[in-house]
Amino acid sequence: MIELGNVRFRWGSDAPLVLDIQKLNVNVGERVFLEGPSGSGKTTLLNILGGVALPEVGIVQVNGTDLTRLKSRARDAFRADHIGIIFQMFNLIPYLSPLENVKLACRFSRRRHALAASKSSNTEEEALRLLMRMQLNEAAIMHSPAFELSIGQQQRVAAARSLIGSPELIIADEPTSALDHDVRRVFIKLLFDEIADTGATLVFISHDPSLADQFDRRIKLTDINKVH
Ligand SMILES: Nc1ncnc2c1ncn2[C@@H]1O[C@H](COP(=O)(O)OP(=O)(O)OP(=O)(O)O)[C@@H](O)[C@H]1O
Ligand SMILES: [Mg+2]
């Protein structure tokens, strides 16, 4: 699902290198736990995997497509179709409800729209199903603007949004940081159940090493990144 080769990245031409990764491969359906100290480049790497940032050199192959060869609009379309991202800061649209936020992921992708509608009777039903899976089933929450939700609730909305329409790759950046320990394990179980259904690949970043044993593979960024 992911093949990174000789990737080097810096935030601006005069800035120091943040990433220098010779090789990183992730198999289809694999669930990877990515860890590393604060500031070591985890979010930067996720931006590259999601085609949000481009490396100065190297190949970034996702699902058979080299993202570095796509123009910016094609990269946006590729991301909308194939990648679900749970951002560290969630990036929900604050004045839209959870339901509208989740449905929005289908607005930018015909593929995900069609897949969501084929799983339930329409995208709204599928968004509701996923929000319920994330234990956000109270009507009051479903229809409030996202900015009125607690951080933990926002995190679960972001997870439902990443999953709708079955993207092949899910990237999650510290999605459990605001949840307490027991709820974290429940959340991860829900995420695993959903992706087991679709066969999606998961790259999951966390500071909490006690979660690592639930994953197929554990990667320390400092082991694969020559910069640190
Ligand atoms: N938008 C940006 N512009 C300039 N520099 C950035 C930007 N984002 C991150 N950096 C720099 O890149 C380096 C890696 O940051 P990154 O956010 O990838 O770390 P991280 O491992 O995700 O940390 P954390 O665990 O705190 O989230 C840091 O030195 C940071 O200052
Ligand atoms: Mg980060």
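Considered as a group, the residues in the range 176-203 that are under 15 Å from Arg161 (Cα atoms) and modelled with pLDDT of 95 or more include one that is nearest to the chain's Cα centre (by Cα), and that residue is Leu202. Taking the criterion of being surrounded by 13 or more Cβ atoms within 10 Å (Cβ to Cβ) and either aromatic (Phe, Trp, Tyr) or part of a helix (DSSP H, G or I) (or both), the residues of the range 209-228 that qualify are Leu211, Ala212, Gln214, Phe215, Leu221, Thr222, Ile224.
Checking every residue in the range 153-168 against the condition of being in contact (Cβ under 8 Å) with a residue 40 or more places away in the chain and within 16 Å of ligand 1 (Cβ to nearest atom) gives at least one match. Of the strands (runs of 3 or more DSSP E) lying entirely inside the range 1-69, those containing at least 2 residues that are more than 16 Å from ligand 2 (Cβ to nearest atom) and open to solvent by 20 Å² or more (accessible area, probe 1.4 Å) span 2-10, 17-26, 57-62. So, Ala15, is that one aliphatic (A, V, I, L, M), under 19 Å from the mean Cα position of the chain (by Cα) and within 12 Å of ligand 1 (Cβ to nearest atom) or not? So Ala15 fails the test.
The values are calculated or read from the model by the stated rules, or taken from the named source; none is laboratory data. Here the structure is a predicted model, which is why all the values come from computation and not from measurement. Virtual Cβ from ideal backbone geometry, glycine too; neighbours counted across all protein chains shown. The area values use the complete protein model at the heavy-atom level, side chains included, leaving out ligands, DNA and RNA. Shrake-Rupley method; radii C 1.70, N 1.55, O 1.52, S 1.80 Å.
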